[in-house]
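The numbers here are math on the coordinates, done by the rules we state, and not lab data. Computed from a predicted model, the values in this text were never measured in an experiment. All Cβ positions, even for glycine, are placed from backbone atoms using ideal geometry, and neighbour counts span all protein chains on display.
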């Protein structure tokens, strides 16, 4: 890149990082005002709508050009997607109101983690039985309150060359709550966008946000009736097969 192109990329990245922080602060303020202090679930559908609104803003601000295939259902569902990086939740939530399940470590991120917690993101500590039990109860209540849930059942991000085995937990929740599962296929235009392993967030984000346009593809597959499968494992394997259809996750 020539010096002018580098300067433009740096300025773009800086502006987007500032915009991300500003939107996170605005989301935190609005979500805090909406979230009830009495433990009621009545406000969560509005929190899901607010999350979608800000996901759309952040996607536009970062030049994320999303090709969407399929239509998310209007009724509550569990969305199960493959996982390539930190932009995945934004991409999916920008298309329909829902709340995501995320690992507990993200809750400690400055400002972003606080805003996500206030907006209703469901944090779980991997390998902690008590954390998993709390998540199970809350997720079922949210689904019954009309809120869709996004989960990445691989449990980790990948470089897009493979699809890891699916954990059964979210599929058992779908069966208990009597809601369908919507398999979601996420694909990136460039493997440089993937974030996995021991990569640190900030340097990778600065490179990603310096791109003028970032092309991604979302495929919302037909809802799968959870009750038609004898076990959560069978449901998980079926949905994994739908997502792992041979197209590849880098296009």
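Observations on the structure shown:
- Nearest 10 degrees, 0 to 90: helix 3-34 Cα axis against the chain principal axis: 40
- Residue exposure sequence - 121, 250, 170 - by fewest surrounding Cβ within 10 Å: 250, 121, 170
- For the range 3-243, averaging the sequence separation of C-alpha pairs within contact (under 8 Å, six or more residues apart) and dividing by the residue count gives a relative contact order of 28 percent.
- The mean sequence distance of close C-alpha pairs (under 8 Å, at least 6 residues apart), as a share of the length of the range 99-178, puts its relative contact order at 28 percent.
- Taking other C-beta atoms within 10 Å as the exposure proxy, 59, 221 rank 221, 59 from fewest upward.
- Relative contact order of the range 168-251, defined on C-alpha pairs under 8 angstrom at six or more residues apart (%): 51
- The chain: C-alpha gyration tensor shape, a/c 1.5 cut-off, then a/b vs b/c: oblate
- Mean residue ellipticity (222 nm) of the chain, computed from DSSP H runs ≥ 4 via -39,500 (n - 2.57), nearest 500: -14000 deg cm²/dmol
- DSSP beta bridge pairing in the range 3-243, given as percent antiparallel to the nearest 5: 25
- Going from the fewest other Cβ atoms within 10 Å to the most, the residues 181, 6 appear in the order 6, 181.
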